[in-house]
1. Give me the residue from region 178-197 that is assigned to a loop (DSSP other than H, G, I, E, B) and either closer than 15 Å to Ile17 by Cβ or β-branched (Val, Ile, Thr) (or both) and, out of that set, nearest to the chain's Cα centre (by Cα).
2. Restricting the search to region 22-46, which residues are of a type in the set (A, V, I, L, M, F, W, C), surrounded by 14 or more Cβ atoms within 10 Å (Cβ to Cβ) and more than 11 Å from the chain's Cα centre (by Cα)?
3. Which one is nearest to Asn32 (Cα to Cα) among residues in region 47-80 that are open to solvent by 80 Å² or more (accessible area, probe 1.4 Å) and among the polar types (S, T, N, Q)?
4. Which of the residues spanning region 35-65 are assigned to a helix (DSSP H, G or I) and either farther than 24 Å from Arg18 by Cβ or not aliphatic (A, V, I, L, M) (or both)?
5. Taking interchain pairs and intrachain pairs at least six residues apart, which have beta carbon atoms under 8 angstrom, with the first residue in region 79-94 and farther than 14 Å from Gln50 by Cβ and the second crowded, with 20+ Cβ neighbours inside 10 Å and of a type in the set (Gly, Ala, Ser)?
6. Return the pair list, or none, for Cβ contacts closer than 6 Å from residues in region 25-51 that are among the acidic types (Asp, Glu) to residues that are modelled with pLDDT of 95 or more and open to solvent by 40 Å² or more (accessible area, probe 1.4 Å), at least 6 apart or on different chains.
7. Conditions: (1) under 14 Å from the mean Cα position of the chain (by Cα); (2) part of a helix (DSSP H, G or I). Ser68 meets all but one. Number of the miss?
8. Can you confirm whether Ser113 is under 24 Å from Lys157 (Cα atoms) and at pLDDT 95 or above?
Amino acid sequence: MAVYKIVDLDAWADGQIRSKLWLVQELEQIVNDIFFKPVNIWNLAGWYGQTAFLFFIRSHINIEKWRSFDVDPSCEVISESINNVWLIEEWKFKAITADINEINYATPWNYYSPDPDIIINTSCEHMTSTSWFNNIPNEKLVVLQSTNMDHSDHYLKAQSIDEFKEQFPLARYFYADEIEIKYKTWSFKRFMIIGEK
């Protein structure tokens, strides 16, 4: 008898995928002008690895290793199934169950990875503090997304791109913008900043 995990289908909702595609398209415009080697990407609060999947299938960025961190252990199994093609390529993709507030950037080998070149968090509104951000070393390229959507587990939501930049200040910005995702009866905004911490 097969055993199936209960998967949160919201991971593939229109707004989720549209905002991640936006990230992929904008970061592709920046990365190859900054890095002249394969890049190592750490995706904090990576959920089911949808962002990694979108990057891998487009193949516009040369990725050496992708590490997806999430505190929920069920995410590890599901994201490695979704990204299995790259998991079996000597762990080009690897999911890790971990609290992102406790990641030790001084010991990247603990996560079977070289030092990260890019750090992504598309779930900033779900964070209860900025500890995870404060722990990121300076001069790292970071990609952050948030929303103004009201939800019971949105703790650090922003109301504008300027407020989002105040929550997570960077030393240098390569990109900062917002998009509105509209439906028939409601809408919300997604904010994104890409820059050097």
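1. Initially, region 178-197 is screened for residues assigned to a loop (DSSP other than H, G, I, E, B), giving 183-186, 197.
Remaining after also requiring either closer than 15 Å to Ile17 by Cβ or β-branched (Val, Ile, Thr) (or both): 183, 185.
Working: Tyr183: 24, Thr185: 28 Å.
This residue is Tyr183.
2. Here is the first cut: in region 22-46, the residues of a type in the set (A, V, I, L, M, F, W, C) are 22-24, 27, 30-31, 34-36, 39, 41-42, 44-45.
Add one more test, that the residue is surrounded by 14 or more Cβ atoms within 10 Å (Cβ to Cβ), and what stays is 22-24, 27, 30-31, 35, 39, 41-42, 44-45.
Listed by number, the residues that qualify are Trp22, Leu27, Ile30, Val31, Phe35, Val39.
3. Filtering first and then ranking leaves Asn62.
4. Of all residues in region 35-65, those assigned to a helix (DSSP H, G or I) come to 50-58.
Those that are assigned to a helix (DSSP H, G or I) and either farther than 24 Å from Arg18 by Cβ or not aliphatic (A, V, I, L, M) (or both): Gln50, Thr51, Phe53, Phe55, Phe56, Arg58.
5. Qualifying pairs under 8 Å: Lys94/Ser68.
6. The qualifying pairs are Glu26/Tyr175.
7. The number of the failed condition is (2).
8. No, not satisfied.
The values are calculated or read from the model by the stated rules, or taken from the named source; none is laboratory data. Just so it is clear, the model here is predicted, and its values are computed rather than measured. Virtual Cβ from ideal backbone geometry, glycine too; neighbours counted across all protein chains shown. Calculation scope for accessible area: heavy atoms of the full protein, side chains included, ligands and nucleic acids excluded. Shrake-Rupley method; radii C 1.70, N 1.55, O 1.52, S 1.80 Å.
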